[in-house]
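K.L.:
Would you mind keeping the following structure in view while I ask a few things?
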Amino acid sequence: MSMHLRTPQSRHDDVIAIGHAVRQSARPGDGLLYLSGRHRVWTQARPQDTRELTDLALARDAMSSDTLSGTELPAQEIAHRMQSFRRIVAVRDAAGAHSDINAQELAKHRTLDRYFRECTTKNVTGARVTVYTRNDVPCPGQESGGTDQQ
């Protein structure tokens, strides 16, 4: 039984695959959003996957906050930062469950719903990586809009 725990099949998420999906989906300068903030740990193992992105909700990183996933900005500041970006890469549970209900998470979801549209989604073990663009910006390769599920 203990040998099974060491296999990839025993894990409910694959942080290497998640980081790779973020890197493939993103462009330098994109915003990065974790839904919920506790999922930030998924990309901490390989910081090169997110180095060229701006974490839109992060106030203090894990090391300086002495926490596993850092601390987040107040809800209004997160929403304001999100609105200043044309593209956002969002990382969430594969099931899409809203496990954390707090002001920050509500602000993230409401801002995405109001100002952004989903362009592409990559499903990886345990997570979904979705690229959103502002409503007035065409999705890459889709001048007429729409959603491309990958």
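K.L.:
Would you mind checking which residues have amide H under 5 Å from C139's amide H? H placed 1.01 Å from N; only 5 or more apart, or other chain.
P.N.:
Amide H neighbours of C139: G145.
K.L.:
Among bridges DSSP assigns within the range 15-105, what percent are antiparallel (round to 5)?
P.N.:
Roughly 20 percent of the beta bridges in the range 15-105 run antiparallel, per DSSP.
K.L.:
Mind listing the phi-derived Karplus ³J(HN,Hα) values for the range 27-44, rounded to whole Hz, using 6.51, -1.76 and 1.60 with θ = phi - 60°, and x for any glycine or proline?
P.N.:
Couplings: 10, x, x, 5, x, 10, 9, 9, 10, 9, x, 5, 6, 4, 4, 4, 10, 6 Hz.
K.L.:
Rounded, prolate or oblate, given the Cα gyration tensor of the range 87-126, with a/c below 1.5 counting as rounded?
P.N.:
Verdict is oblate for the range 87-126.
K.L.:
Moving on. Enumerate the amide H contacts of F116 below 5 Å, restricted to partners 5 or more residues apart or on another chain; note that Pro and chain-start residues carry no placed amide H.
P.N.:
When sequence neighbours closer than 5 places are left aside, the close amide H contacts are N135.
K.L.:
Be a star and scan the range 44-68 for residues whose amide nitrogen sits under 14 Å from the point 7 Å along the Cα-to-Cβ vector of N102.
P.N.:
Hits in the range 44-68 for N102 at 14 Å: 57-62, 65-68.
K.L.:
Starting from the 7 Å offset along Cα-to-Cβ, what nm value, one decimal, do you get for the label separation of R27 and A59?
P.N.:
Taking the simple label geometry, R27 and A59 are separated by 3.2 nm.
K.L.:
Using Cα-Cα distances under 8 Å and only pairs 6 or more residues apart, what relative contact order does the range 36-105 have, in percent?
P.N.:
The value is 35 percent.
K.L.:
Please work out the FRET efficiency for the pair D93 and D136, using the Cβ-Cβ distance as r and a Förster radius of 41 Å; give the result to the nearest 0.05.
P.N.:
That pair, D93 with D136, gives E of 0.90.
K.L.:
Determine, from the Cβ-Cβ distance of D113 and T71 and an R0 of 25 Å, the FRET efficiency 1/(1 + (r/R0)^6), rounded to the nearest 0.05.
P.N.:
0.55
A short reminder: the numbers here are calculations on the coordinates, not readings from a lab. These figures come from a predicted structure and were not determined experimentally. Neighbour counts run over all protein chains shown; Cβ positions are idealised from the backbone, glycine included.
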